[in-house]
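Below is one structure, written out as structure tokens; comments come after it.
Every number here is computed from the coordinates shown, using simple stated rules; none is lab data. All figures in this text were calculated on a predicted structure; none of them were measured in a lab. Neighbour counts are summed over all protein chains in view; Cβ atoms, including those assigned to glycine, are modelled from backbone coordinates with ideal geometry.
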Amino acid sequence: MTTISAKLQAVLSRIETAARAAGRLPDEVALLAVSKTWPATRIREAAAAGQRRFGENYVQEGVGKTQELKLLNLEWHFIGPLQGNKTRPIAETFDWVHSIDRLKIAERLSAQRPAELAPLQVCIQVNVSGEETKSGVSLAQLAELARGVANLPRINLRGLMAIPAPSEDVAEQRRAFRALRDAYEKLQSDGYPLDTLSMGMSDDLEAAIAEGATVVRVGTAIFGERSGL
């Protein structure tokens, strides 16, 4: 068993344990392996161990990997900050985008999604901790953005994503994730057919799963620490 394979299994075991502790089924939580800065060889290792979903933060790097690994038929998620002048390669390449935080970006992705591809699956990023330096729409502006995104062609609004302020306090972790879940459930009650709560990473995935995460984004616990970062 390779190191990556062993680490993948350890993360999947954490997900299973956390899900069962929350009274949920393990298959209700998908693992997104965050492969940013890691070479395609590492992704091949993870794919050989059964991992299919991979997340990238940087446009040029991510597009290059999707092309290099095209024959593996992996599912590619863009999870990094979005710039208006870089939406076209994302729209033309990725299966999912988790980080929509303004309508202009969603409109560009919609217009640039090739007709021969399936609609782009998207999540709105919410700044649940109110951090000035972090991307994401505020909770107060979420409903308006969701309304605009949901009406666009060639993209499907699937859910919400958040990266709360880091905390070692499990109660604080859960409060932040609960705020996102509450917003998600409010949109569902308003008629949006959402099914995706993208929240939780290597250090807090248990708290996220306890609060209803359907996707956890894990990089370090699978691939290791990134040198120089």
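Note down the relative contact order for the chain as a percent, whole number, built from C-alpha pairs under 8 angstrom at least six residues apart. Don't jump to the answer; show the numbers that get you there.
Numbers: 413 pairs, mean separation 46.8, N = 229.
Relative contact order for the chain comes out at 20 percent.
Test of understanding: ordering Ser135, Ser99 by Cβ neighbours within 10 Å, fewest first, what list do you get?
Ser135, Ser99
What relative contact order, as a whole-number percentage, does region 95-229 give when Cα pairs under 8 Å and 6 or more residues apart are counted? Walk me through the numbers on the way to the answer.
Details: 227 pairs, mean separation 27.6, N = 135.
Once divided by the residue count of region 95-229, the mean separation gives 20 percent.
Okay, helix-only estimate at 222 nm for the chain: each DSSP H run of n ≥ 4 adds -39500 (n - 2.57), divide by all residues, round to 500 deg cm²/dmol; what do you get?
Working: 9 runs with 94 residues, N = 229.
Calculated from helices alone, the mean residue ellipticity at 222 nm is -12000 deg cm²/dmol.
Reachable lysines from Lys65, Cα under 16 Å, same-chain residues fewer than 8 places away excluded?
Within reach: Lys36.
Taking amide H positions as placed in the peptide plane 1.01 Å from N, state which residues far from Gln125 in sequence (5 or more) or on other chains have amide H under 5 Å from it.
Residues meeting the criterion, in which the H sits 1.01 Å from N, are Ile100, Asp101, Val137, Met161.
Taking the dipole about the Cα centre of region 121-229, with the C-beta of Lys and Arg at +1 and of Asp and Glu at -1, give me whichever of Gly200, Asn156, Gln141 is farthest to the positive side.
The listed residue farthest towards the positive side: Asn156.
Using Cβ contacts closer than 10 Å as the measure, can you line up Tyr58, Tyr184 from fewest to most?
By the 10 Å Cβ count, ascending, the order reads Tyr58, Tyr184.
Quick one: compute the contact order of region 1-79, relative version, from alpha carbon pairs under 8 angstrom and 6+ residues apart, as a percent.
That works out to 28 percent.
State, in angstrom, two size descriptors of region 84-200 derived from its alpha carbons: Rg to one decimal place and Dmax to the nearest whole number.
Rg and Dmax of region 84-200, Cα atoms, are 14.2, 46 Å.
Can you sort Lys36, Lys65 by how many other beta carbons sit within 10 Å, fewest first?
Fewest-to-most ranking of Lys36, Lys65: Lys36, Lys65.
May I ask you to list the GluC sites (Glu not before Pro) in region 154-200 that are in a DSSP loop and have at most 14 other Cβ atoms within 10 Å of their Cβ?
Filter output for region 154-200: Glu168.
Per the Debye formula with a single identical scatterer at each Cα and no solvent contribution, what log10 I(q)/I(0) holds for the chain at q = 0.13, 0.14 Å⁻¹?
Calculated log10 I(q)/I(0) at the listed q: -0.75, -0.88.
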